[in-house]
Amino acid sequence: MATGPERREGMQADHTVHPNTAVVHAGHFVTPVNEGASPPLYQAAAYRFRDLAQVEEIYAGNVPSAIYGRYGGPNGAQFAGAIAELEGAQSAFASANGMSAIDAALATNLPVGAALVATRDIYGGTYELLMHEYAAPRAQVTFVDQSNCAEVEAALIRTQARVLYTEALTNPLMGVADIDALAAITKRLGVLLIIDATFASPALIQPLAHGADLVVHSVTKYLGGHGDVGAGVVAGREELIAPIREHLIRTGATVAHFDAWLATRGLRTLGLRMERHSSNANRVAAYLASVPAVLRVHHPSLASHAQHELAKRLYPQGTGGMLAFDLAGGRDGVDRFLRGLRRIAIVHSLGEVATTIGYSAVSSHRGLPAQLREELGVTDGTLRLSVGIEHCDDIIADLAQGFRS
Ligand code: PLP
């Protein structure tokens with residue numbers, strides 16, 4: 001039974017207008033005085049104002065309100081607020097996707113001609129963003145090996161960089177950034193440290209607590225968690241988030257209401273999902289390391305990983321579901337293996353509940369020169385596995401099926 005009137009007292013059908021006018025205005029949405037037990041979706045593209053006094057009040061930001069979809073709605077604000085809480089940040093703002101969050105963080109902190117130092121083994125899309133949008137004369141980009149602090153510091157000093165950009169866990173080879181050590185350098189030099197923590201999520205690490213200035217995420221991945229969201233988010237001090245918010249509004253790259261609503265729902269199970277992603281990935285990494293056709297497994301849980309000890313310190317709960325491995329036989333070996341898989345689909349995204357696999361050479365790292373790709377360690381045999389939350393025996397059985405083919 002409805003608890004409110006479907007037709008408000010005094011709202012009679014208006015017979016003075018044409019039916020085509022009546023249908024445009026019929027019905028009235030009543031915002032209940034008590035909240036929904038779960039957040040409602042506010043899909044409105046714009047909001048009404050009672051009068052000009054209310055316009056002034058709302059534009060001045062004196063009352064919780066909304067103006068226009070692109071400025072951000074209640075669902076985007078709820079999601080960003082949740083991320084600020086989880087990251088221990090003063091403020092956060094959600095964007096249309098991970099790339100717009102990264103771009104906003106860079107655009108607002110790199111004046112024209114300024115220098116940026118970035119880790120070499122970043123997500124291919126970010127590499128392309130840097131090379132196409134931030135290459136000279138817009139900015140000066142220098143790539144370094146983030147595991148070599150002396151090299152990072154020397155590059156920051158030599159280029160008089162404004163920003164150091166890195167990934168908490170790198171895509172796809174699972175390099176582990178020593179955020180404490182990098183933050184000690186950037187603080188000493190007055191450089192801004194931006195960390196993309198997409199692979200880890202705030203369930204596993206809060207980069208701001210380790211000294212980073214801004215943390216960005218592709219929400220499309222673990223935060224959404226179900227492969228049905230396209231969004232991004234950036235969190236940090238309000239003085240840094242305010243210009244990012246304005247930039248995202250001006251460039252029309254704020255989060256869509258429905259995606260923010262889905263992402264908030266996804267967030268509810270983030271802790272449980274990351275626990276299972278992490279434990280499954282540890283088991284799968286150990287299994288892969290025992291397969292003769294696998295030349296190398298890139299996963300911090302393995303003692304063979306260069307930052308195994310660092311990962312244990314920074315990620316006591318595990319490092320999530322991502323890992324990479326190099327298969328013998330190059331592209332042909334990869335092709336045979338992929339054809340043999342039954343349930344694990346070739347998907348060029350990651351972080352959803354189902355296990356998926358990607359071939360970085362033709363997807364995320366497609367835009368990189370082949371030589372650079374090889375130098376980074378992304379070879380023709382490198383596969384990136386996003387280990388899901390299924391029963392681990394079934395994931396391993398499917399991989400074994402691939403190796404038999
Ligand atoms: N950062 C990382 C580490 C990623 O893996 C990706 C996408 O794969 C992005 C950022 C970009 O995110 P989006 O596709 O949501 O723009």
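Nothing in this text is a laboratory measurement; each read-out follows from the coordinates by a stated rule. Predicted model only: the values in this text are computed from it and were never measured. Neighbour counts run over all protein chains shown; Cβ positions are idealised from the backbone, glycine included.
When H257, H226 are sorted by how many other C-beta atoms sit within 10 angstrom of their C-beta, beginning with the fewest, the order is H226, H257. Taking the inverse of the mean 1/r over every pair of distinct Cα atoms in the chain gives a Kirkwood hydrodynamic radius of 22.9 Å. Among the trypsin sites (Lys or Arg not before Pro) in segment 338-405, those placed in a DSSP loop whose Cβ has at most 11 other Cβ atoms within 10 Å are R342. For L295, the residues 5 or more places off, or on other chains, whose built amide H falls under 5 Å of its own are D326, L327, A328. Listed from fewest to most Cβ neighbours within 10 Å, the set S386, S91, S360, S38 follows the order S38, S91, S360, S386. Peptides 297-304, 39-46, 75-82 ranked from most to least packed give 75-82, 297-304, 39-46, packing being the mean of other C-beta atoms within 10 angstrom over each peptide's residues. Looking only at segment 165-198, which residues have a backbone nitrogen under 15 Å from a spot 7 Å from the Cα of R313 in the C-beta direction? Correct set: 176-185. Post the alpha-carbon centroid distance, segment 135-175 to segment 178-237, in whole angstrom. After rounding, the separation between the Cα centres reads 15 Å.
In the chain, excluding the sites themselves, the longest stretch lacking any of the GluC sites (Glu not before Pro) that are in a DSSP loop with at most 15 other Cβ atoms within 10 Å is 36-405. Shape analysis of segment 109-154 places it in the oblate category; the axes a ≥ b ≥ c from the Cα gyration tensor give an a/c of at least 1.5, with a/b not above b/c. Using a cutoff of 8 angstrom between alpha carbon atoms and counting only pairs six or more residues apart, the relative contact order for the chain works out to 16 percent.
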